[in-house]
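Since the structure comes first, as structure tokens, the remarks are kept for the end.
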Amino acid sequence: MSDRCHIIRDMLPLYLDGMLSEDSAGFVEEHLQGCGACREELEKLVEQARQGDAEAFSRIYEHWQGELYK
């Protein structure tokens, strides 16, 4: 795993919560488009949110789909 992957994985919870700046979120999204391992990690976090809090999952899912699949 690259240093960039480590940084992205540290940022994923903040990304999912919409707490990153526009530039930081863009950095995460750019990386996720080219890194299957980090996308898988994001999907795991989304699944954890879905199991724990339906409202949070809905918010995260909408944001994630809107940003990554434009």
Where residues in region 1-30 are open to solvent by 90 Å² or more (accessible area, probe 1.4 Å) and either part of a loop (DSSP other than H, G, I, E, B) or of a type in the set (Lys, Arg) (or both), which of them is nearest to LEU45 (Cα to Cα)? MET19
Restricting attention to region 34-45, which residues are open to solvent by 30 Å² or more (accessible area, probe 1.4 Å) and within 11 Å of the chain's Cα centre (by Cα)? ARG39, GLU40, GLU41, GLU43, LYS44, LEU45
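The values are calculated or read from the model by the stated rules, or taken from the named source; none is laboratory data. What you see is a predicted model; the values in this text were computed from it and never measured. For the accessible areas, the whole protein counts, side chains as well, though only heavy atoms, and no ligand, DNA or RNA atoms are used. Shrake-Rupley method; radii C 1.70, N 1.55, O 1.52, S 1.80 Å.
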